[in-house]
1. Please identify the pairs in which a residue from region 15-28 that is over 12 Å from Met4 (Cα atoms) has its Cβ atom under 9 Å from the Cβ atom of a residue that is small (Gly, Ala, Ser) and not in a helix (DSSP H, G or I), counting only partners at least 6 apart or on another chain.
2. Out of the residues in the chain meeting the condition of being among the β-branched types (Val, Ile, Thr) and assigned to a helix (DSSP H, G or I), tell me which one is surrounded by the fewest Cβ atoms within 10 Å (Cβ to Cβ).
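Throughout, read-outs are computed from the coordinates displayed, never taken from laboratory work. Source: prediction; values computed, not measured. Heads up, the Cβs are rebuilt from the backbone with ideal geometry, glycines too, and the neighbour counts pull from every protein chain shown.
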Amino acid sequence: MDRMLWARFGEAMLKAPHAVQWFSDNGPQYSATATVLYAHELGLVPITTPA
């Protein structure tokens, strides 16, 4: 996720300048609490697709 943020906004960014939707499937690695919390720290809004 942090690499996506750097690719989009530059490596100096530690947080997205505005809310960015981050789409993923319902895989356990994407819906884990630690992943969701990390996404929020980066300024991302995790959104999962229906199964």
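1. Pro17/Gly43; His18/Gly43; Ala19/Gly43; Asp25/Ala51; Asn26/Ala51
2. If we filter the chain for residues that are among the β-branched types (Val, Ile, Thr), which is where we start, we get 20, 33, 35-36, 45, 47-49.
When the remaining residues are screened for being assigned to a helix (DSSP H, G or I), the result is 33, 35-36.
Numbers: Thr33: 7, Thr35: 17, Val36: 16.
Step by step, filter the chain, then rank; the result is Thr33.
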